[in-house]
Amino acid sequence: MFSLKNKVAVVTGGNGGIGKGIAIGLAEAGASIAIVGRDSEKNQFAKEEILSTGVDSKDYICDVSDPNSVNTCVSKIYEDFGHIDILVNNAGTSIRTKEPQELSPEDWKTVMDTNLSSVHYFSSAVIDKMKDKGQGKIINIGSMMTIFGAGHASVYAASKGGVVQYTKSCAIAWAKYGIQVNSILPGYITTNMTDGFKKHFPKDAELVTSRIPAERWGKPEDFAGIAMFLASPLSDYVTGAFIPVDGGYSVR
């Protein structure tokens, strides 16, 4: 039941970090993968890695914060693959400051549009055809900062809190169509984005590691299993859930 053969998965931000880990996991389960990202070179590298698993993959340039760009991208994916069964809303960014008031209006808009508005844009672009088909899986990537605030990443925390509330709302609205909408909450994961945190807040990074029961930061490949579960028929009665993948950080 973990087989995703003949399924098509769209992964935003799927060219690196957690998104790439998820994309490879879904590919290994048999799904064809549409990689969506802004960096054409990274897209190409990710696509080649996914093709090596034996499934089809194509990559798409898209500004996830622009609804017109999103609609154009999704239309092209439908044209290329014929259907979309799984949507992983993973694209994200963060702008860190010592205190929240130091964020400019432009900083606030950039993070909110990339992390939260994009989830609405992509979900809205695929939902009608998922409804017509009577099935679909939408997986939104939140954060442990959905649970905890962060003085140095206030807009990131706010956007990811919004992702979970949006997930719950969509789960309620679309359950009657056979569509499940769930959220994964990553903990501290070693990616390009968190490298900045380690560099600028080294003492905080050390404290983080000491609090994780698993005694290590997560890796992108740690998300393959949960993504496969949420994308497969095994999770057909799971919707509106938000599942921490954090090595136990949030329970300590």
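Please find, within the range 58-99, the residue that is farthest from V164 (Cα to Cα) out of those that are of a type in the set (A, V, I, L, M) and in a helix (DSSP H, G or I). Show your work before the answer.
Within the range 58-99, the first condition is being of a type in the set (A, V, I, L, M), and the residues that meet it are 61, 64, 70, 74, 77, 84, 86-88, 91, 95.
Now narrow it down to the ones that are in a helix (DSSP H, G or I): 70, 74, 77.
On the way: V70: 21, V74: 23, I77: 26 Å.
Checking each candidate, the answer is I77.
Output yes when any residue across the range 115-132 is in a helix (DSSP H, G or I), more than 25 Å from A31 (Cα to Cα), open to solvent by 20 Å² or more (accessible area, probe 1.4 Å) and not hydroxyl-bearing (S, T, Y), and no when none is. Checked the range 115-132: at least one residue is in a helix (DSSP H, G or I), more than 25 Å from A31 (Cα to Cα), open to solvent by 20 Å² or more (accessible area, probe 1.4 Å) and not hydroxyl-bearing (S, T, Y). Counting the residues of the range 187-219 that are closer than 30 Å to S232 by Cβ, open to solvent by less than 30 Å² (accessible area, probe 1.4 Å) and in a helix (DSSP H, G or I) gives 1.
Going through I184, I147, I141, I172 one at a time, which residue ends up being at pLDDT 95 or above, open to solvent by 20 Å² or more (accessible area, probe 1.4 Å) and β-branched (V, I, T)? Don't jump to the end; show me each part of the working.
On the way: I184 fails: open to solvent by 20 Å² or more (accessible area, probe 1.4 Å); I147 fails: at pLDDT 95 or above; I141 fails: open to solvent by 20 Å² or more (accessible area, probe 1.4 Å).
Step by step, each of I184, I147, I141, I172 is checked, and only I172 is at pLDDT 95 or above, open to solvent by 20 Å² or more (accessible area, probe 1.4 Å) and β-branched (V, I, T).
Quick one: is V64 under 21 Å from S118 (Cβ atoms), aliphatic (A, V, I, L, M) and open to solvent by less than 10 Å² (accessible area, probe 1.4 Å)?
No, not satisfied.
For (1) closer than 18 Å to C73 by Cβ; (2) under 12 Å from the mean Cα position of the chain (by Cα), each residue gets a yes or a no:
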{"site": "T12", "(1), (2)": "yes, yes"}
{"site": "G17", "(1), (2)": "no, yes"}
{"site": "G21", "(1), (2)": "no, yes"}
{"site": "F45", "(1), (2)": "no, no"}
{"site": "E48", "(1), (2)": "no, no"}
{"site": "L51", "(1), (2)": "no, no"}
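Could you please give the count of residues in the range 1-36 that are closer than 26 Å to D236 by Cα, open to solvent by 20 Å² or more (accessible area, probe 1.4 Å) and not in a loop (DSSP other than H, G, I, E, B)? Residues in the range 1-36 being closer than 26 Å to D236 by Cα, open to solvent by 20 Å² or more (accessible area, probe 1.4 Å) and not in a loop (DSSP other than H, G, I, E, B): 5 in total. Among residues of the range 32-60 that are basic (K, R), those with a Cβ under 6 angstrom from a residue that is buried (at least 22 other Cβ atoms within 10 Å of the Cβ) and not in a strand (DSSP E or B), sequence gap 6+ or separate chain, pair up as K42/N15.
Please work out which residue is most open to solvent (accessible area, probe 1.4 Å), limiting yourself to the range 225-249 and to residues that are of a type in the set (G, A, S) and in a helix (DSSP H, G or I). Walk me through it before giving the result.
So in the range 225-249, the residues of a type in the set (G, A, S) come out as 225, 227, 231-232, 235, 240-241, 247-248.
Right, trim to in a helix (DSSP H, G or I) and you get 225, 227, 231, 235.
Values: G225: 43, A227: 0, A231: 8, S235: 0 Å².
This residue is G225.
Evaluating G92 against the criteria (1) surrounded by 24 or more Cβ atoms within 10 Å (Cβ to Cβ); (2) at positive phi; (3) of a type outside the set (A, V, I, L, M) leaves one unmet condition, (2). Determine whether the range 37-49 contains at least one residue that is within 24 Å of S183 (Cβ to Cβ), in contact with a Ser or Thr (Cβ under 8 Å, 6 or more places away or on another chain), part of a loop (DSSP other than H, G, I, E, B) and not aliphatic (A, V, I, L, M). No, the range 37-49 has no match at all.
The values are calculated or read from the model by the stated rules, or taken from the named source; none is laboratory data. Not measured: the values here are computed from a predicted model. When we count neighbours, we look across all protein chains shown, and the Cβ atoms used for this are built from the backbone with ideal geometry, even at glycine. Note: areas computed on protein heavy atoms with side chains; ligands, DNA, RNA excluded. Shrake-Rupley method; radii C 1.70, N 1.55, O 1.52, S 1.80 Å.
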